[in-house]
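Down below is the structure, laid out as structure tokens.
The values are calculated or read from the model by the stated rules, or taken from the named source; none is laboratory data. Since we're looking at a predicted model, the values are computed, not measured. When we count neighbours, we look across all protein chains shown, and the Cβ atoms used for this are built from the backbone with ideal geometry, even at glycine. With ligands, DNA and RNA removed, areas are computed over all heavy atoms of the protein, side chains included. Shrake-Rupley method; radii C 1.70, N 1.55, O 1.52, S 1.80 Å.
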Amino acid sequence: MNRLQAAEQLRRAIQLLAQSLTDEAALEVATVYPSWQAGVVYKQGDILAHGENAVGDPQLYRVAQGHTAQADWLPADTPALYTAIGLTPGGHPVWAKPTGAHDAYHIGDVVSHQGALYESLIDGNTTEPGTDDRWWKLVEER
């Protein structure tokens with residue numbers, strides 16, 4: 001086995017293990033999930049990536065019912081087949097603690113956290129919404 005084959009096997013092993021993560025943990029490692037592809041048979045519960053979320057990370061989806069993907073059944077357009085991970089029913093991203101500057105929130109980003117919507121008041125925002133009014137503005141309570 002050459003290095004490329006070994007790397008491909010390791011990536012596949014990581015993808016298989018990643019299927020068992022909670023939604024919150026999955027969002028932290030979104031880049032390890034396989035990209036959605038037409039023609040692939042998906043089973044209920046599979047997690048895949050398609051497009052980008054509001055902070056530029058891969059948007060993750062959980063397969064709601066098993067099917068063979070078709071080019072005109074994109075995850076964002078077919079909620080009967082895919083459930084977006086990390087988005088509220090209204091389409092707002094659920095706040096996830098940034099791991100660094102690369103995934104920090106920016107001015108104007110709106111997130112859902114603990115039943116409320118918050119707007120970031122600064123670039124590079126890594127603080128938890130609702131803990132400091134200098135960094136987040138409450139937009140809507142539910």
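Taking the range 1-13 on its own, how many of its residues are surrounded by 10 or more Cβ atoms within 10 Å (Cβ to Cβ) and over 19 Å from residue 46 (Cα atoms)?
The initial filter retains those residues of the range 1-13 that are surrounded by 10 or more Cβ atoms within 10 Å (Cβ to Cβ), namely 6-13.
From the residues that got through so far, the ones that are over 19 Å from residue 46 (Cα atoms) too are 6-8.
Residues in the range 1-13 being surrounded by 10 or more Cβ atoms within 10 Å (Cβ to Cβ) and over 19 Å from residue 46 (Cα atoms): 3 in total.
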In the range 83-142, residue surrounded by the most Cβ atoms within 10 Å (Cβ to Cβ) [restricted to those that are within 30 Å of residue 46 (Cβ to Cβ) and among the acidic types (Asp, Glu)]: 109
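Output yes when any residue across the range 72-86 is among the hydroxyl-bearing types (Ser, Thr, Tyr) and farther than 18 Å from residue 24 by Cβ, and no when none is. Explain how you work it out, then say what you get.
Filtering the range 72-86 for residues among the hydroxyl-bearing types (Ser, Thr, Tyr) gives 78, 82-83.
Those left that are additionally farther than 18 Å from residue 24 by Cβ: 78, 82.
Yes, the range 72-86 contains a residue that is among the hydroxyl-bearing types (Ser, Thr, Tyr) and farther than 18 Å from residue 24 by Cβ.
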Condition check for residue 98: touching a His at 6+ places or on another chain (Cβ under 6 Å) and either within 29 Å of residue 117 (Cβ to Cβ) or hydroxyl-bearing (Ser, Thr, Tyr) (or both): no
Members of the range 23-69 found to be out of contact with any Lys or Arg (no Cβ under 9 Å at 6 or more places or on another chain) and among the β-branched types (Val, Ile, Thr), listed by number: 29, 31, 40, 41, 55, 68
Inter-residue pairs, beta-carbon under 7 Å, first on the phi > 0 side of the Ramachandran plot and in the range 84-98, second surrounded by 20 or more Cβ atoms within 10 Å (Cβ to Cβ) and part of a loop (DSSP other than H, G, I, E, B), 6+ apart: 86/96
Scope the range 7-25; condition basic (Lys, Arg) and either free of Cβ contacts under 8 Å to residues at least 12 places away in the same chain or in contact with a His (Cβ under 6 Å, 6 or more places away or on another chain) (or both); matching residues: 12
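Counting just the residues of the range 14-48 that are in a helix (DSSP H, G or I) and open to solvent by 40 Å² or more (accessible area, probe 1.4 Å), which one comes out modelled with the lowest pLDDT? Walk me through how you get there before you give the answer.
Restricting attention to the range 14-48, the residues satisfying the condition of being in a helix (DSSP H, G or I) are 14-18, 23-28, 30-32.
Checking the rest, the ones that are also open to solvent by 40 Å² or more (accessible area, probe 1.4 Å) come to 14, 16-17, 23-24, 27-28, 31.
Details: 14: 88, 16: 85, 17: 86, 23: 82, 24: 78, 27: 82, 28: 82, 31: 89.
Among them, the one singled out is 24.
State yes or no: is residue 51 outside any helix (DSSP H, G or I) and touching a strand residue (DSSP E or B) at 6+ places or on another chain (Cβ under 6 Å)?
So residue 51 passes the test.
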Filtered residues of the range 52-76 (kept if open to solvent by 50 Å² or more (accessible area, probe 1.4 Å), without any contact (Cβ under 8 Å) to a residue 40 or more places away in the chain and among the aliphatic types (A, V, I, L, M)): 71, 74, 76
Single unsatisfied condition, residue 68 versus (1) modelled with pLDDT under 95; (2) farther than 27 Å from residue 111 by Cα: (1)
